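Shown next, in C-alpha cells, is the structure this report addresses.
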Amino acid sequence: MTAQPPAMLPSPSELADRVQQVLERARAFGATAAEASLSASRGFSLSVRKSEIESLEFQQDRDLGVTVYFGQRKGNASTGDFSDRGIAEAVRAACDIAQATGEDPCNGLADPERMAREFPELDLDHPWDLSPEQAIELAKSCEAAAFAADARISQSEGASVASHRGVSVYANSHGFIGHRHGSQHSISCAVVAGEDEEMQRDYWYSGARRPSDLLPAEAIGRRAGERAAARVGSRKLTTRQAPVLFPPELARGLWGHFIGAISGGSLYRKASFLLDKLGQPVFSPLVRLEQQPHLRRGSASAAWDSEGVATQPRVLVDDGVLQGWLLGSYSARKLGLQSTGNAGGVYNLIVRPGDKDFRGLVREMHEGLIVTELLGHGVNGVTGDYSRGAAGFWVENGEIAYPVQELTIAGNLLEMYRDIAALGSDVDLLAGTRSGSVLLKKMTIAA
C-alpha cells in the first residue's frame, strides 16, 4: 500500500507573502480597503466495513478568499489558485463585483482599534504520525470490538479514522496579519444490532486535536456495540408530559440553538426568539455560560475572529440572565453596537457543570425519557418552537427500564431553558461546546 504523502503544509511566511500580494493588488485596482484569507490543509480519511477497506482518501485543499471595498460597496471572490495570475484574477473579480453593487453604510473592515495585538500560544497543532497500514488496523480493531460487545451485533456501517492539519493566514489593510496552525483527528464506529425482524443502529466516536487525547479504538467500538444492542426491543410510548434528559453529545444542540438566537444575523433580521431579552432571565438560575477562546488545545480556540478582532473571555449567561450578544462588525453596525469579536461564531462555549454524573441525573429524574437520538430539524428560530423526532430509553424508579423509539419531543426553547432542573458533571472536555448532560423538568412526548 502506498504510504501517506509527507504532511507538508505551506509555511505561514509563504502564505503571508501571498496575502500581502492580494492586498497590494486590491490597492492597485483602486480599492479603499481589503481583507484576505489564505488556507491550506491536508490529511486522510479511511473506513473499513466487516474488516475490508471501504475507502482510503488523501485530501489536499487550498483556498483564497478576498473581500474588497470601494467606499461602502463590497465585493468578494475566492479561488484555489495561489499563482500570481490566480491571485490577480480573484482580486479583479472581487473589484468588478464591488463596483457593480450598491452602497451599504454598514459595510467595511472591523474597526482598527479592535484588531488583536496579542497572540497567546494555544497549542492547536499536533500531527499524527500514522501510516495508512496503522490506520487500517486501528479501524479494524475498533470494528472488531463493536462486534465482540454483544452477540446481537449483526451488521456494520463501518469504522473510520481521519486525520487533518491546516494552516491559514488572514490580513487586512489596517495592517493586521495573523496565522493559525491546527489539527483534528477522529475515530468513529457505527453498527447494527438485530433480533428476529428488529434492527437497531447506533454509533460512538472520539475527536481531538492531539492524538493521545483520543479514546482507545477498542473502547469506541465497544461503546458503539453496547449502544446498538441496548436499543433492541424498543417500544413506543403513549403521549404524555415527562422529564427529559439530554446526554452531552445532544445537549450541545440545545446550546447551539441559543447561540444562533444571540448571533448578530438573527438579531438584526429580527429572526430570534431572544429579541429584547438582554438583561432578562432566559434560563434556569442554574445556568452560567462563558466563552473561553484561549483554552490550550481547545476545539474552538482562537486569538482573533474571522475579521482580525481580538477574542475575549466573556460571560454570556449568568445565573440564567442573558448578558450579551455575539456580534461581528457588520451586524454590530446594523444594531448600532460594537463588535464583540465573534465574527465566525462562539469560541469555546463553557457550560458550568453540576455536581451529579449521568447516573445521578437519571436517579434524580426518577421517571422520564433519556434521549439518545434526535431526528429532523423542527426548530423555529423566530418563535423558539421545538419539535424533533427522538429515540432513547424510558426511566422508572431512577433506573433505565427499556428502550423506546418513534417518538416526538416538543416544547418551546424559552420554556425548556427555564425548565432546566439540573446540569451534569459528565462534561466532554474535547468539544467546542463543553457541556454535561441537561435535565429538563418536562417536555411533551408524543407517539
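Since every read-out is calculated from the coordinates, none of them should be taken as a lab result. For clarity, every value in this text was computed on a predicted model and none was experimentally measured. Note: ideal-geometry Cβ built from the backbone for every residue, glycine included; neighbour counts use all protein chains shown.
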Using θ = phi - 60° and the Karplus curve 6.51 cos²θ - 1.76 cosθ + 1.60, what whole-Hz ³J(HN,Hα) does each residue of the stretch 442-447 get, with Gly and Pro shown as x? 6, 9, 7, 10, 10, 6
What are the residues whose amide H is under 5 Å from the amide H of ALA33, where those residues sit 5 or more places off or on another chain and H is modelled from the backbone? TYR69, GLY71
Once you've got the GNM for the chain with C-alpha springs shorter than 10 Å, pick whichever of SER83, SER425, SER163 has the biggest mean-square fluctuation. SER83
Average silhouette area of the chain, convex hull of alpha-carbon atoms, in square nanometres: 22.8 nm²
Applying the gyration tensor rule to the Cα atoms of the stretch 250-355 (axes a ≥ b ≥ c; rounded if a/c under 1.5, else prolate if a/b exceeds b/c, else oblate), the class is oblate
Among LYS140, LYS236, LYS442, which comes first, second and so on when ranked by fewest other beta-carbon atoms within 10 Å? LYS236, LYS442, LYS140
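So for the stretch 168-301, averaging the separation of alpha carbon pairs under 8 Å that are six or more residues apart and normalising by length, what relative contact order in percent results?
It comes to 17 percent, rounded to a whole number.
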D_trans [Stokes-Einstein, Kirkwood Rh over alpha-carbon pairs] for the stretch 49-168, 4 °C, 1.567 mPa s, µm² s⁻¹: 66 µm²/s
Given the C-alpha centroids of the stretch 150-190 and the stretch 328-390, what is the distance between them in whole angstrom? 22 Å
How far is helix 132-149 tilted off the main Cα axis of the chain, in degrees rounded to 10, range 0 to 90? 30 degrees
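Please state the charge dipole magnitude for the chain, taken about the Cα centre, from unit charges on C-beta atoms (+1 on K and R, -1 on D and E), reported in debye and rounded to the nearest 20.
The calculation lands at about 920 debye.
How high is the relative contact order of the stretch 32-120, given as a whole-number percent (alpha carbon pairs under 8 Å, six or more residues apart)?
This gives 25 percent for the stretch 32-120.
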If the viscosity is 1.306 mPa s and the temperature 10 °C, what Stokes-Einstein diffusion coefficient in µm²/s follows for the stretch 16-119 when Rh is the Kirkwood radius over Cα pairs? 101 µm²/s
Using a Gaussian network for the chain with springs between C-alpha atoms less than 10 Å apart, which of these wobbles most: ALA110, ALA98, ALA146? ALA98
The stretch 354-447: which GluC sites (Glu not before Pro) are DSSP loop and have at most 15 other beta-carbon atoms within 10 angstrom? GLU367
Determine, for ARG223, ARG352, ARG235, the number of other Cβ atoms within 10 Å of each Cβ, and report the residues in order from fewest to most. ARG235, ARG352, ARG223
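Can you compute the equivalent ellipsoid semi-axes for the stretch 240-446, i.e. the square root of 5 times each eigenvalue of the Cα gyration tensor, sorted largest first and rounded to whole Å?
Those come to 31, 19, 14 Å.
Can you give the Kirkwood hydrodynamic radius of the stretch 367-429 from its Cα pairs, in Å with one decimal?
Taking the inverse mean of 1/r over all distinct Cα pairs, the stretch 367-429 comes out at 13.2 Å.
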What percent of all Cα-Cα pairs in the stretch 12-229 falls into each 10 Å bin, going from 0 up to the bin containing the maximum distance? 8, 25, 21, 17, 16, 11, 2, 0
P(r) tail for the stretch 221-282, what percent of Cα pairs lie past 14 Å? 74 percent
Report the charge-dipole magnitude of the stretch 240-446 in Debye, nearest 20, computed about the Cα centre from +1 at each Lys and Arg Cβ and -1 at each Asp and Glu Cβ. 580 debye
In the stretch 89-159, the GluC sites (Glu not before Pro) that sit in a DSSP loop and have at most 16 other Cβ atoms within 10 Å of their own Cβ are GLU103, GLU118, GLU121
Against the longest alpha carbon principal axis of the chain, how many degrees, from 0 to 90 and to the nearest 10, is the axis of helix 84-100 turned? 90 degrees
Checking ALA36, ALA421, ALA151 against a Gaussian network model of the chain (alpha-carbon springs below 10 Å), the top fluctuating residue turns out to be ALA151
Amide H to amide H, which residues 5 or more places from VAL317 or on other chains are under 5 Å from it, using H placed in the peptide plane? LEU289, GLN323
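Find the relative contact order for the chain and round it to a whole percent, using C-alpha pairs within less than 8 Å whose residues are 6+ positions apart.
14 percent
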Collect residues whose amide H, placed 1.01 Å from N in the peptide plane, falls under 5 Å from the amide H of ASN348; neighbours closer than 5 in sequence don't count. ALA300
Can you sort MET8, MET199, MET115 so the residue with the fewest Cβ neighbours within 10 Å comes first? MET8, MET199, MET115
Count of lysine pairs in the chain with Cα separation under 24 Å (8 or more residues apart, or interchain): 11
Given the rule -39500 (n - 2.57) for each run of at least 4 DSSP H residues, summed and divided by the residues of the chain, what is its mean residue ellipticity at 222 nm, to the nearest 500 deg cm²/dmol? -7500 deg cm²/dmol
Placing unit charges on C-beta atoms (Lys and Arg positive, Asp and Glu negative, everything else neutral), compute the dipole magnitude of the stretch 215-359 about its Cα centre in debye, rounded to 20. 560 debye
Based on the alpha-carbon gyration tensor of the stretch 162-271, what equivalent-ellipsoid semi-axes (square roots of 5 times the eigenvalues) come out, in whole Å, largest first? 38, 26, 10
